[in-house]
Amino acid sequence: MPECICYIYHHMVSELNRILEDYIDENTGGPVIPSTCRKNSFLNLVVMPVYDLVKTEVESSRNGTAPHSAWWNYDDINEYFWSRRCIRRLNWPFDLGSSFFVEKGRSVGKTGFVEQRSFWNVFRSFDSGQNGSPSRQYRTDLVRPMRL
């Protein structure tokens, strides 16, 4: 989940910069203190919520037999971290009440495209050309249509 790691890194670097630049905390009037500085706070506020989410989604997949619309896969979780919704709602440290960290059994919805698998996918794969012909996928000077 590279986008998740980038999200975490971005926020940690921002906190480090505020510390190095001697920013003053508006709420306390003292120096800025990282939001994950207490014992095990990084583990409890950052690592475990993401781990629990991934674990829940893996269980929801029922070993890959559940429909794609019923659970978030790797790409869905990854996509969330570069969406505007993530920036507006997830915050730092993570807002554990965010819709991203919902309890098992509550529906979240997919972040992007949901593949509906069927035998028609074979035909749909060749339908990006104007007339749907598989030969439209290739250079015509290299591949000639077969005549029956």
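Values quoted throughout were computed directly from the atomic coordinates according to the rules given, and no laboratory measurement underlies them. From a predicted model like this one, the values you see are computed outputs, not experimental measurements. FYI the Cβ positions are ideal-geometry reconstructions off the backbone, even for glycines, and counts take in every protein chain you see.
General remarks:
- P(r) weight above 26 Å for region 2-116, C-alpha pairs, percent: 28 percent
- Gain in span if fully extended, Met1 to Ala66, counting 0.36 nm per residue against the direct Cα distance: 21.2 nm
- Rounded to 0.05, the FRET efficiency of the Leu16 and Met48 pair, given R0 = 22 Å and the Cβ-Cβ distance, is 0.50.
- Inter-label distance, nm, simple model (7 Å from Cα along the C-beta direction), Asp75/Lys55: 2.7 nm
- Ordering Thr36, Thr65 by the number of other Cβ atoms within 10 Å of each residue's own Cβ, fewest first, gives Thr65, Thr36.
- Peptides 66-73, 21-28 ordered by average Cβ neighbours within 10 Å, highest first: 66-73, 21-28
- Taking all Cα pairs closer than 8 Å and separated by 6 or more residues, the relative contact order of region 2-116 comes to 26 percent.
- Calculated FRET efficiency, Tyr23 to Asp95, Cβ-Cβ distance, R0 = 22 Å: about 0.50 to the nearest 0.05.
- Modelled spin labels at Arg88 and Lys39, positioned 7 Å past Cα toward Cβ, are 4.0 nm from each other.
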